[in-house]
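The values are calculated or read from the model by the stated rules, or taken from the named source; none is laboratory data. All of these numbers come straight from a predicted model, not from anything done at the bench. Cβ atoms come from the backbone with ideal geometry, glycine included; neighbour counts cover every protein chain shown.
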Amino acid sequence: MNIKINFIITLFLSLALMACQTQQVVNTLPPGLPDQYRAGDSTESEANMASIPWRDFFQDSVLKELIDIAIDQNVDMQLAIKNIEASQLMLRRAKAAYLPNLQLKVAANSTNPSNNTMSGLSLGEFLGQNHVEDYTAALSLSWEADVWGKIKNQKASALASYLQTEEVRKAVQTQLVAQVAQGYYQLLMLHQLHDIARQNLNLNDSTLRIVQHQYEVGDISLLAVEQVAAQKLAAASLIPDFEQQIQIQENAIQILSGRLPQGIHTMGKLNTVVLPSYVDVGIPAELLSKRPDVKQAELAATAAQAYQQSAKAKMYPSIVISAEAGVNALKASNWFNIPASVFGAVAGSITQPVLQRRELKTQYEIARVEQEKSVIVFRQSVINAVGEVSDALISIQKLKQKQQIAQDRTNRLKNAIQHADLLFETGMATYLEVITAQSNVLQSELELTQIKKAELSAVVNLYRSLGGGWSAF
(Lines give C-alpha, C1' and ligand atoms only; values in the text may rest on other atoms or scores of the structure.)
Protein backbone atom coordinates (compact mmCIF):
# COMPACT_ATOMS: atom_id res chain seq x y z
CA MET A 1 0.00 0.00 0.00
CA ASN A 2 2.87 2.39 0.82
CA ILE A 3 4.35 1.67 -2.59
CA LYS A 4 1.12 2.80 -4.25
CA ILE A 5 0.98 5.99 -2.20
CA ASN A 6 4.62 6.84 -2.97
CA PHE A 7 4.03 6.18 -6.67
CA ILE A 8 1.02 8.49 -6.76
CA ILE A 9 2.81 11.30 -4.87
CA THR A 10 5.86 11.06 -7.13
CA LEU A 11 3.70 11.07 -10.23
CA PHE A 12 1.77 14.15 -9.16
CA LEU A 13 4.96 16.03 -8.25
CA SER A 14 6.36 15.26 -11.68
CA LEU A 15 3.19 16.48 -13.32
CA ALA A 16 3.28 19.73 -11.38
CA LEU A 17 6.89 20.41 -12.38
CA MET A 18 6.31 19.61 -16.04
CA ALA A 19 3.13 21.68 -16.13
CA CYS A 20 5.19 24.75 -15.33
CA GLN A 21 6.92 24.30 -18.68
CA THR A 22 3.65 24.50 -20.66
CA GLN A 23 3.77 27.23 -23.27
CA GLN A 24 1.19 29.99 -23.10
CA VAL A 25 -0.65 31.14 -26.22
CA VAL A 26 0.41 34.74 -26.63
CA ASN A 27 -1.20 36.94 -29.27
CA THR A 28 1.24 39.43 -30.77
CA LEU A 29 -0.62 39.88 -34.02
CA PRO A 30 -1.77 43.52 -34.48
CA PRO A 31 0.22 45.21 -37.26
CA GLY A 32 1.51 48.77 -37.09
CA LEU A 33 -1.22 51.29 -37.84
CA PRO A 34 -1.10 54.99 -38.77
CA ASP A 35 -2.19 57.67 -36.30
CA GLN A 36 -5.03 58.82 -38.53
CA TYR A 37 -6.96 57.95 -41.67
CA ARG A 38 -6.20 59.50 -45.01
CA ALA A 39 -8.55 62.43 -45.68
CA GLY A 40 -9.65 62.51 -42.05
CA ASP A 41 -8.64 64.11 -38.77
CA SER A 42 -8.62 61.18 -36.36
CA THR A 43 -8.86 61.65 -32.62
CA GLU A 44 -9.34 59.09 -29.89
CA SER A 45 -12.84 59.83 -28.62
CA GLU A 46 -15.79 58.07 -27.05
CA ALA A 47 -18.02 59.84 -29.58
CA ASN A 48 -16.72 57.69 -32.43
CA MET A 49 -19.46 57.26 -35.04
CA ALA A 50 -19.23 53.47 -34.68
CA SER A 51 -20.31 53.75 -31.03
CA ILE A 52 -23.71 55.14 -32.00
CA PRO A 53 -26.41 52.41 -31.86
CA TRP A 54 -28.14 52.01 -35.20
CA ARG A 55 -31.50 52.94 -33.65
CA ASP A 56 -30.02 56.35 -32.85
CA PHE A 57 -28.03 56.66 -36.06
CA PHE A 58 -31.13 56.32 -38.26
CA GLN A 59 -34.16 58.50 -37.57
CA ASP A 60 -36.68 57.26 -40.15
CA SER A 61 -39.23 55.02 -38.39
CA VAL A 62 -39.96 53.02 -41.56
CA LEU A 63 -36.26 52.31 -42.07
CA LYS A 64 -35.80 51.23 -38.45
CA GLU A 65 -38.74 48.84 -38.78
CA LEU A 66 -37.23 47.37 -41.96
CA ILE A 67 -33.87 46.88 -40.21
CA ASP A 68 -35.58 45.20 -37.26
CA ILE A 69 -37.36 42.76 -39.57
CA ALA A 70 -34.19 42.06 -41.53
CA ILE A 71 -32.17 41.29 -38.39
CA ASP A 72 -34.89 38.93 -37.23
CA GLN A 73 -35.66 37.16 -40.52
CA ASN A 74 -32.66 37.51 -42.84
CA VAL A 75 -31.32 34.09 -43.85
CA ASP A 76 -27.66 35.00 -43.34
CA MET A 77 -28.44 36.23 -39.81
CA GLN A 78 -30.30 33.02 -38.98
CA LEU A 79 -27.40 30.92 -40.25
CA ALA A 80 -24.96 33.00 -38.20
CA ILE A 81 -27.03 32.37 -35.07
CA LYS A 82 -27.09 28.61 -35.77
CA ASN A 83 -23.31 28.66 -36.19
CA ILE A 84 -23.06 30.27 -32.75
CA GLU A 85 -25.19 27.51 -31.24
CA ALA A 86 -22.99 24.83 -32.84
CA SER A 87 -19.85 26.58 -31.65
CA GLN A 88 -21.22 26.74 -28.10
CA LEU A 89 -21.62 22.97 -28.12
CA MET A 90 -18.05 22.54 -29.38
CA LEU A 91 -16.80 24.76 -26.56
CA ARG A 92 -18.69 22.70 -23.98
CA ARG A 93 -17.10 19.55 -25.39
CA ALA A 94 -13.64 21.12 -25.16
CA LYS A 95 -14.22 22.14 -21.53
CA ALA A 96 -15.38 18.61 -20.69
CA ALA A 97 -11.98 17.25 -21.78
CA TYR A 98 -10.57 18.41 -18.42
CA LEU A 99 -12.91 16.07 -16.54
CA PRO A 100 -11.90 12.47 -15.76
CA ASN A 101 -13.46 9.69 -17.77
CA LEU A 102 -15.75 7.78 -15.39
CA GLN A 103 -17.45 4.53 -16.45
CA LEU A 104 -19.72 2.08 -14.67
CA LYS A 105 -19.22 -1.54 -15.67
CA VAL A 106 -21.41 -4.51 -14.75
CA ALA A 107 -20.37 -7.87 -16.24
CA ALA A 108 -21.12 -11.54 -15.84
CA ASN A 109 -19.55 -14.40 -17.75
CA SER A 110 -19.27 -18.14 -17.61
CA THR A 111 -16.31 -20.10 -19.01
CA ASN A 112 -16.39 -23.84 -19.78
CA PRO A 113 -12.82 -25.00 -20.63
CA SER A 114 -12.07 -28.29 -22.32
CA ASN A 115 -11.81 -31.28 -20.00
CA ASN A 116 -8.60 -32.25 -21.81
CA THR A 117 -6.82 -29.07 -20.74
CA MET A 118 -5.07 -28.19 -17.51
CA SER A 119 -7.79 -25.65 -16.72
CA GLY A 120 -10.55 -28.17 -17.27
CA LEU A 121 -8.81 -30.85 -15.18
CA SER A 122 -8.12 -28.36 -12.40
CA LEU A 123 -11.73 -27.24 -12.23
CA GLY A 124 -12.96 -30.80 -12.03
CA GLU A 125 -10.41 -31.72 -9.38
CA PHE A 126 -10.57 -28.72 -7.07
CA LEU A 127 -14.05 -27.24 -7.63
CA GLY A 128 -15.94 -30.34 -8.63
CA GLN A 129 -17.44 -28.58 -11.69
CA ASN A 130 -16.51 -28.14 -15.32
CA HIS A 131 -17.15 -24.36 -15.66
CA VAL A 132 -16.23 -21.16 -13.86
CA GLU A 133 -18.38 -18.08 -13.40
CA ASP A 134 -17.29 -14.48 -12.84
CA TYR A 135 -19.46 -11.55 -11.69
CA THR A 136 -18.11 -7.98 -11.63
CA ALA A 137 -19.52 -4.55 -10.84
CA ALA A 138 -16.98 -1.73 -10.90
CA LEU A 139 -16.36 1.99 -11.42
CA SER A 140 -13.48 2.80 -13.76
CA LEU A 141 -11.84 6.23 -13.75
CA SER A 142 -9.13 7.52 -16.05
CA TRP A 143 -7.63 10.99 -16.36
CA GLU A 144 -5.02 12.34 -18.74
CA ALA A 145 -2.69 14.89 -17.18
CA ASP A 146 -2.52 18.00 -19.37
CA VAL A 147 1.24 18.32 -18.96
CA TRP A 148 2.02 19.84 -22.34
CA GLY A 149 -1.10 21.99 -22.64
CA LYS A 150 -2.81 19.85 -25.27
CA ILE A 151 -6.24 20.03 -23.64
CA LYS A 152 -5.76 23.64 -22.57
CA ASN A 153 -4.94 24.70 -26.12
CA GLN A 154 -7.84 22.70 -27.51
CA LYS A 155 -10.09 24.64 -25.15
CA ALA A 156 -8.44 27.94 -26.15
CA SER A 157 -8.97 27.10 -29.81
CA ALA A 158 -12.62 26.18 -29.22
CA LEU A 159 -13.17 29.39 -27.24
CA ALA A 160 -11.64 31.51 -30.00
CA SER A 161 -13.77 29.69 -32.57
CA TYR A 162 -16.89 30.37 -30.52
CA LEU A 163 -16.02 34.05 -30.22
CA GLN A 164 -15.38 34.06 -33.96
CA THR A 165 -18.95 32.99 -34.67
CA GLU A 166 -20.25 35.81 -32.47
CA GLU A 167 -18.11 38.32 -34.36
CA VAL A 168 -19.30 36.85 -37.65
CA ARG A 169 -22.89 37.45 -36.52
CA LYS A 170 -22.01 41.05 -35.70
CA ALA A 171 -20.28 41.45 -39.07
CA VAL A 172 -23.33 40.05 -40.86
CA GLN A 173 -25.54 42.47 -38.95
CA THR A 174 -23.39 45.52 -39.75
CA GLN A 175 -23.46 44.56 -43.42
CA LEU A 176 -27.19 43.89 -43.28
CA VAL A 177 -27.99 47.22 -41.58
CA ALA A 178 -25.95 49.06 -44.23
CA GLN A 179 -27.58 47.15 -47.09
CA VAL A 180 -31.11 47.83 -45.84
CA ALA A 181 -30.33 51.50 -45.26
CA GLN A 182 -28.74 51.95 -48.67
CA GLY A 183 -31.59 50.06 -50.32
CA TYR A 184 -34.11 52.28 -48.53
CA TYR A 185 -32.31 55.45 -49.62
CA GLN A 186 -32.26 54.07 -53.16
CA LEU A 187 -36.03 53.65 -52.89
CA LEU A 188 -36.45 57.24 -51.63
CA MET A 189 -34.28 58.44 -54.51
CA LEU A 190 -36.43 56.62 -57.05
CA HIS A 191 -39.58 58.14 -55.53
CA GLN A 192 -38.02 61.59 -55.79
CA LEU A 193 -36.90 60.99 -59.36
CA HIS A 194 -40.45 59.89 -60.13
CA ASP A 195 -41.81 63.14 -58.65
CA ILE A 196 -39.30 65.20 -60.65
CA ALA A 197 -40.34 63.39 -63.84
CA ARG A 198 -44.00 64.13 -63.13
CA GLN A 199 -43.27 67.79 -62.44
CA ASN A 200 -41.28 68.00 -65.66
CA LEU A 201 -44.14 66.32 -67.54
CA ASN A 202 -46.55 68.94 -66.22
CA LEU A 203 -44.11 71.67 -67.29
CA ASN A 204 -43.86 70.17 -70.78
CA ASP A 205 -47.64 69.93 -70.94
CA SER A 206 -47.93 73.63 -70.14
CA THR A 207 -45.35 74.49 -72.79
CA LEU A 208 -47.18 72.35 -75.34
CA ARG A 209 -50.45 74.19 -74.72
CA ILE A 210 -48.71 77.53 -75.30
CA VAL A 211 -47.07 76.27 -78.51
CA GLN A 212 -50.37 74.88 -79.80
CA HIS A 213 -52.06 78.21 -79.12
CA GLN A 214 -49.32 80.07 -81.01
CA TYR A 215 -49.62 77.60 -83.87
CA GLU A 216 -53.37 78.16 -84.06
CA VAL A 217 -52.88 81.92 -84.36
CA GLY A 218 -50.16 81.37 -86.96
CA ASP A 219 -47.15 82.59 -84.97
CA ILE A 220 -45.16 79.32 -85.33
CA SER A 221 -45.11 76.31 -87.62
CA LEU A 222 -46.36 72.75 -87.05
CA LEU A 223 -42.71 71.68 -86.64
CA ALA A 224 -42.56 73.48 -83.31
CA VAL A 225 -45.70 71.71 -82.10
CA GLU A 226 -44.36 68.28 -83.08
CA GLN A 227 -41.00 68.85 -81.39
CA VAL A 228 -42.54 70.08 -78.16
CA ALA A 229 -44.98 67.15 -78.21
CA ALA A 230 -42.06 64.75 -78.72
CA GLN A 231 -40.27 66.40 -75.77
CA LYS A 232 -43.36 65.81 -73.63
CA LEU A 233 -43.47 62.12 -74.62
CA ALA A 234 -39.78 61.77 -73.74
CA ALA A 235 -40.54 63.16 -70.29
CA ALA A 236 -43.55 60.86 -69.95
CA SER A 237 -41.45 57.78 -70.79
CA LEU A 238 -39.38 58.34 -67.64
CA ILE A 239 -42.38 57.79 -65.36
CA PRO A 240 -43.06 54.06 -66.06
CA ASP A 241 -39.32 53.46 -65.99
CA PHE A 242 -39.04 54.89 -62.45
CA GLU A 243 -42.22 53.06 -61.37
CA GLN A 244 -40.66 49.80 -62.56
CA GLN A 245 -37.44 50.50 -60.63
CA ILE A 246 -39.42 51.43 -57.50
CA GLN A 247 -41.29 48.12 -57.42
CA ILE A 248 -38.14 46.10 -58.14
CA GLN A 249 -36.31 47.95 -55.35
CA GLU A 250 -39.18 47.27 -52.93
CA ASN A 251 -38.96 43.56 -53.81
CA ALA A 252 -35.19 43.58 -53.25
CA ILE A 253 -35.54 45.12 -49.78
CA GLN A 254 -38.25 42.65 -48.78
CA ILE A 255 -36.24 39.66 -50.00
CA LEU A 256 -33.20 40.96 -48.11
CA SER A 257 -35.44 41.05 -45.03
CA GLY A 258 -36.42 37.42 -45.56
CA ARG A 259 -39.96 38.24 -46.70
CA LEU A 260 -41.96 37.76 -49.87
CA PRO A 261 -42.03 40.69 -52.35
CA GLN A 262 -44.50 43.42 -51.43
CA GLY A 263 -44.82 47.19 -51.42
CA ILE A 264 -43.17 49.51 -48.90
CA HIS A 265 -44.99 52.60 -47.67
CA THR A 266 -42.34 55.30 -47.30
CA MET A 267 -43.10 58.36 -45.18
CA GLY A 268 -40.06 60.61 -45.55
CA LYS A 269 -38.40 62.25 -48.52
CA LEU A 270 -34.80 61.91 -49.60
CA ASN A 271 -34.15 65.60 -48.97
CA THR A 272 -35.43 65.32 -45.40
CA VAL A 273 -33.19 62.42 -44.34
CA VAL A 274 -31.08 63.42 -41.34
CA LEU A 275 -27.94 61.55 -40.34
CA PRO A 276 -25.45 62.53 -37.62
CA SER A 277 -23.89 65.79 -38.76
CA TYR A 278 -20.51 65.17 -37.13
CA VAL A 279 -18.06 62.63 -38.50
CA ASP A 280 -15.76 61.53 -35.68
CA VAL A 281 -13.96 58.46 -36.96
CA GLY A 282 -11.50 57.97 -34.11
CA ILE A 283 -8.12 56.38 -34.79
CA PRO A 284 -7.36 53.33 -36.97
CA ALA A 285 -6.34 51.23 -33.94
CA GLU A 286 -9.96 51.30 -32.74
CA LEU A 287 -10.92 49.11 -35.70
CA LEU A 288 -9.34 46.19 -33.84
CA SER A 289 -12.06 46.34 -31.20
CA LYS A 290 -14.99 47.95 -33.01
CA ARG A 291 -15.06 46.26 -36.41
CA PRO A 292 -16.41 42.68 -36.14
CA ASP A 293 -14.77 41.24 -39.25
CA VAL A 294 -11.35 42.47 -38.11
CA LYS A 295 -11.96 41.02 -34.64
CA GLN A 296 -13.09 37.77 -36.25
CA ALA A 297 -9.86 37.56 -38.28
CA GLU A 298 -7.85 38.22 -35.13
CA LEU A 299 -9.69 35.45 -33.27
CA ALA A 300 -9.12 33.12 -36.21
CA ALA A 301 -5.38 33.73 -35.84
CA THR A 302 -5.65 33.12 -32.09
CA ALA A 303 -7.54 29.85 -32.66
CA ALA A 304 -4.95 28.74 -35.22
CA GLN A 305 -2.15 29.52 -32.79
CA ALA A 306 -3.82 27.48 -30.05
CA TYR A 307 -4.42 24.59 -32.46
CA GLN A 308 -0.77 24.71 -33.46
CA GLN A 309 0.30 24.36 -29.81
CA SER A 310 -2.17 21.51 -29.34
CA ALA A 311 -0.80 19.72 -32.41
CA LYS A 312 2.72 20.15 -31.03
CA ALA A 313 1.68 18.70 -27.66
CA LYS A 314 0.45 15.52 -29.37
CA MET A 315 4.07 14.61 -30.18
CA TYR A 316 4.95 14.51 -26.46
CA PRO A 317 4.24 11.65 -24.03
CA SER A 318 0.72 11.21 -22.71
CA ILE A 319 0.43 10.61 -18.97
CA VAL A 320 -2.71 8.78 -17.91
CA ILE A 321 -3.77 7.89 -14.37
CA SER A 322 -6.46 5.25 -13.98
CA ALA A 323 -8.23 3.62 -11.09
CA GLU A 324 -10.86 0.91 -10.76
CA ALA A 325 -12.84 -0.34 -7.77
CA GLY A 326 -15.84 -2.61 -7.28
CA VAL A 327 -16.92 -6.09 -6.36
CA ASN A 328 -15.95 -9.38 -7.98
CA ALA A 329 -16.93 -12.97 -7.16
CA LEU A 330 -16.94 -16.43 -8.72
CA LYS A 331 -20.46 -17.05 -7.44
CA ALA A 332 -23.42 -14.74 -7.67
CA SER A 333 -24.31 -15.49 -4.05
CA ASN A 334 -20.95 -14.04 -2.92
CA TRP A 335 -21.13 -10.93 -5.14
CA PHE A 336 -21.99 -8.51 -2.37
CA ASN A 337 -20.08 -10.28 0.36
CA ILE A 338 -18.36 -7.18 1.72
CA PRO A 339 -15.43 -6.74 2.17
CA ALA A 340 -14.33 -10.11 0.84
CA SER A 341 -15.51 -9.40 -2.73
CA VAL A 342 -14.19 -5.84 -2.91
CA PHE A 343 -11.26 -5.18 -5.23
CA GLY A 344 -9.33 -2.08 -6.29
CA ALA A 345 -6.57 -1.12 -8.72
CA VAL A 346 -4.55 2.05 -9.42
CA ALA A 347 -2.28 2.51 -12.43
CA GLY A 348 -0.30 5.20 -14.15
CA SER A 349 1.09 5.09 -17.66
CA ILE A 350 3.28 7.20 -19.93
CA THR A 351 2.80 6.69 -23.68
CA GLN A 352 5.22 8.15 -26.21
CA PRO A 353 4.26 8.03 -29.93
CA VAL A 354 7.02 6.34 -31.92
CA LEU A 355 5.91 5.21 -35.37
CA GLN A 356 3.24 7.95 -35.51
CA ARG A 357 5.70 10.75 -34.75
CA ARG A 358 6.26 11.60 -38.43
CA GLU A 359 2.50 11.89 -38.96
CA LEU A 360 2.07 14.02 -35.84
CA LYS A 361 4.98 16.24 -36.81
CA THR A 362 3.46 16.77 -40.25
CA GLN A 363 0.17 17.74 -38.62
CA TYR A 364 2.04 20.25 -36.48
CA GLU A 365 3.85 21.70 -39.49
CA ILE A 366 0.53 22.05 -41.34
CA ALA A 367 -0.97 23.76 -38.28
CA ARG A 368 2.01 26.15 -38.17
CA VAL A 369 1.51 27.07 -41.82
CA GLU A 370 -2.21 27.58 -41.26
CA GLN A 371 -1.44 29.83 -38.30
CA GLU A 372 0.93 31.92 -40.41
CA LYS A 373 -1.75 32.19 -43.09
CA SER A 374 -4.30 33.35 -40.53
CA VAL A 375 -1.93 36.10 -39.39
CA ILE A 376 -1.57 37.28 -42.99
CA VAL A 377 -5.36 37.29 -43.42
CA PHE A 378 -5.75 39.25 -40.18
CA ARG A 379 -3.25 41.88 -41.22
CA GLN A 380 -4.87 42.22 -44.63
CA SER A 381 -8.29 42.61 -43.01
CA VAL A 382 -6.93 45.54 -40.99
CA ILE A 383 -5.47 47.14 -44.12
CA ASN A 384 -8.75 46.66 -45.97
CA ALA A 385 -10.71 48.18 -43.07
CA VAL A 386 -8.48 51.26 -42.93
CA GLY A 387 -8.78 51.58 -46.70
CA GLU A 388 -12.59 51.37 -46.60
CA VAL A 389 -12.80 54.09 -43.95
CA SER A 390 -10.44 56.31 -45.95
CA ASP A 391 -12.45 55.73 -49.15
CA ALA A 392 -15.70 56.62 -47.39
CA LEU A 393 -14.19 59.81 -45.96
CA ILE A 394 -12.94 60.89 -49.37
CA SER A 395 -16.33 60.11 -50.94
CA ILE A 396 -18.18 62.19 -48.34
CA GLN A 397 -15.87 65.17 -48.79
CA LYS A 398 -16.00 65.18 -52.58
CA LEU A 399 -19.74 64.47 -52.77
CA LYS A 400 -20.44 67.46 -50.53
CA GLN A 401 -18.47 69.65 -52.91
CA LYS A 402 -20.20 68.10 -55.91
CA GLN A 403 -23.63 68.56 -54.32
CA GLN A 404 -23.00 72.25 -53.72
CA ILE A 405 -21.95 72.73 -57.35
CA ALA A 406 -24.98 70.76 -58.62
CA GLN A 407 -27.32 72.75 -56.37
CA ASP A 408 -26.00 76.07 -57.68
CA ARG A 409 -26.28 74.80 -61.26
CA THR A 410 -29.89 73.67 -60.69
CA ASN A 411 -30.85 77.02 -59.18
CA ARG A 412 -29.42 78.88 -62.16
CA LEU A 413 -31.16 76.59 -64.63
CA LYS A 414 -34.49 77.09 -62.85
CA ASN A 415 -34.02 80.84 -63.15
CA ALA A 416 -33.10 80.36 -66.80
CA ILE A 417 -36.27 78.42 -67.56
CA GLN A 418 -38.40 81.18 -66.00
CA HIS A 419 -36.72 83.75 -68.21
CA ALA A 420 -37.09 81.46 -71.25
CA ASP A 421 -40.84 81.14 -70.66
CA LEU A 422 -41.29 84.91 -70.40
CA LEU A 423 -39.17 85.54 -73.47
CA PHE A 424 -41.03 82.84 -75.40
CA GLU A 425 -44.42 84.34 -74.54
CA THR A 426 -43.23 87.75 -75.74
CA GLY A 427 -41.65 86.28 -78.87
CA MET A 428 -38.07 87.05 -77.86
CA ALA A 429 -37.05 83.35 -77.52
CA THR A 430 -37.67 80.34 -79.69
CA TYR A 431 -39.37 77.13 -78.62
CA LEU A 432 -36.03 75.35 -79.02
CA GLU A 433 -34.54 77.50 -76.27
CA VAL A 434 -37.47 76.64 -74.01
CA ILE A 435 -37.09 72.91 -74.71
CA THR A 436 -33.36 73.07 -74.07
CA ALA A 437 -33.89 74.94 -70.78
CA GLN A 438 -36.49 72.39 -69.62
CA SER A 439 -34.26 69.46 -70.54
CA ASN A 440 -31.30 70.99 -68.70
CA VAL A 441 -33.36 71.54 -65.55
CA LEU A 442 -34.62 67.95 -65.65
CA GLN A 443 -31.13 66.49 -66.00
CA SER A 444 -29.75 68.77 -63.31
CA GLU A 445 -32.47 67.86 -60.80
CA LEU A 446 -32.05 64.16 -61.51
CA GLU A 447 -28.29 64.49 -61.02
CA LEU A 448 -28.72 66.46 -57.79
CA THR A 449 -31.00 63.76 -56.38
CA GLN A 450 -28.53 61.03 -57.27
CA ILE A 451 -25.69 62.96 -55.61
CA LYS A 452 -27.76 63.33 -52.44
CA LYS A 453 -28.40 59.58 -52.39
CA ALA A 454 -24.71 58.85 -53.02
CA GLU A 455 -23.75 61.10 -50.11
CA LEU A 456 -26.15 59.29 -47.77
CA SER A 457 -24.78 55.94 -48.94
CA ALA A 458 -21.23 57.15 -48.30
CA VAL A 459 -22.13 58.13 -44.72
CA VAL A 460 -23.79 54.75 -44.15
CA ASN A 461 -20.74 53.02 -45.64
CA LEU A 462 -18.48 54.99 -43.33
CA TYR A 463 -20.64 53.93 -40.38
CA ARG A 464 -20.32 50.29 -41.43
CA SER A 465 -16.59 50.57 -42.19
CA LEU A 466 -15.94 51.86 -38.68
CA GLY A 467 -17.78 48.86 -37.21
CA GLY A 468 -21.12 50.52 -36.48
CA GLY A 469 -24.46 48.79 -36.81
CA TRP A 470 -24.18 45.66 -34.66
CA SER A 471 -25.44 47.36 -31.51
CA ALA A 472 -29.09 48.46 -31.37
CA PHE A 473 -28.92 50.09 -27.92
Legend entry - Selected residue (only one of Ile283, Ile255 is surrounded by fewer than 18 Cβ atoms within 10 Å (Cβ to Cβ), within 21 Å of Gln182 (Cβ to Cβ) and out of contact with any helix residue (DSSP H, G or I) (no Cβ under 9 Å at 6 or more places or on another chain)): Ile255
Inset, instruction - Using the structure shown, decide if Gln227 is under 30 Å from Met77 (Cα atoms), modelled with pLDDT of 80 or more, in the same structural domain as Leu190 (by TED's automatic domain parsing) and out of contact with any helix residue (DSSP H, G or I) (no Cβ under 6 Å at 6 or more places or on another chain). - result: no
Inset, instruction - Please note which helices (runs of 4 or more DSSP H) are completely contained in the stretch 50-100 and include at least 2 residues that are of a type in the set (Lys, Arg). - result: 75-96
Inset, instruction - Check the stretch 329-338 and report whether any residue there is of a type in the set (Phe, Trp, Tyr), modelled with pLDDT under 85 and outside any strand (DSSP E or B). - result: yes
Inset, instruction - Give the residue that is nearest to Ser381 (Cα to Cα), with candidates limited to residues of the stretch 293-347 that are among the β-branched types (Val, Ile, Thr) and touching an Asp or Glu at 6+ places or on another chain (Cβ under 9 Å). - result: Val294
Inset, instruction - Under 8 Å between Cβ atoms, at least 6 apart or on separate chains: pull out the pairs that start in the stretch 255-267 with a residue that is without any contact (Cβ under 8 Å) to a residue 60 or more places away in the chain and end on any residue that is assigned to a loop (DSSP other than H, G, I, E, B) and exposed (fewer than 15 other Cβ atoms within 10 Å of the Cβ). - result: Ile255/Pro261
Legend entry - Filtered residues of the stretch 87-107 (kept if without any contact (Cβ under 8 Å) to a residue 60 or more places away in the chain, out of contact with any Leu (no Cβ under 8 Å at 6 or more places or on another chain) and not hydroxyl-bearing (Ser, Thr, Tyr)): Leu89, Arg92, Ala96, Ala97, Leu99, Val106, Ala107
Legend entry - Filter result for Val228 (under 21 Å from Ile451 (Cα atoms), crowded, with 17+ Cβ neighbours inside 10 Å, among the hydrophobic types (A, V, I, L, M, F, W, C) and touching a residue at least 24 places away in the same chain (Cβ under 8 Å)): no
Inset, instruction - Only residues that are of a type in the set (A, V, I, L, M, F, W, C) and within 19 Å of the chain's Cα centre (by Cα): list them for the stretch 53-65, please. - result: Trp54
Inset, instruction - Output yes when any residue across the stretch 138-159 is under 17 Å from the mean Cα position of the chain (by Cα), polar (S, T, N, Q) and either in a helix (DSSP H, G or I) or surrounded by fewer than 22 Cβ atoms within 10 Å (Cβ to Cβ) (or both), and no when none is. - result: no
Legend entry - Any pair with Cβ under 6 angstrom, 6 or more apart, that starts in the stretch 414-428 at a residue that is farther than 15 Å from Leu442 by Cβ and ends at one that is part of a helix (DSSP H, G or I) and modelled with pLDDT of 65 or more: Phe424/Val434
Inset, instruction - Tell me, please, whether a residue that is modelled with pLDDT of 80 or more and over 30 Å from Gly468 (Cα atoms) can be found in the stretch 295-308. - result: yes
Inset, instruction - Output the residues belonging to the stretch 433-443 that are under 10 Å from Thr410 (Cα atoms) and surrounded by 19 or more Cβ atoms within 10 Å (Cβ to Cβ). - result: Val441, Leu442
Inset, instruction - Only one of these is over 30 Å from Met315 (Cβ atoms), at pLDDT 70 or above and either out of contact with any Cys (no Cβ under 6 Å at 6 or more places or on another chain) or of a type in the set (A, V, I, L, M, F, W, C) (or both): Leu139, Leu127, Leu123. Name it. - result: Leu139
Inset, instruction - Can you confirm whether the stretch 353-371 contains a residue that is at pLDDT 80 or above, within 30 Å of Pro53 (Cα to Cα) and assigned by TED's automatic domain parsing to the domain that holds Asn153? - result: no
Legend entry - Which numbered condition Ser349 misses (of (1) out of contact with any strand residue (DSSP E or B) (no Cβ under 6 Å at 6 or more places or on another chain); (2) assigned to a strand (DSSP E or B)): (1)
Inset, instruction - Identify all residues within the stretch 240-252 that are buried (at least 16 other Cβ atoms within 10 Å of the Cβ) and of a type in the set (A, V, I, L, M, F, W, C); write none if there are none. - result: Phe242, Ile246
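Residue by residue, here is whether (1) at positive phi; (2) under 17 Å from the mean Cα position of the chain (by Cα); (3) in contact (Cβ under 8 Å) with a residue 40 or more places away in the chain; (4) surrounded by fewer than 23 Cβ atoms within 10 Å (Cβ to Cβ) holds:
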position	(1), (2), (3), (4)
Leu287	no, yes, yes, no
Lys290	no, yes, yes, yes
Asp293	no, yes, yes, yes
Ala297	no, yes, yes, no
Lys314	no, no, yes, yes
Ile319	no, no, yes, yes
Ala325	no, no, yes, yes
Asn328	no, no, yes, yes
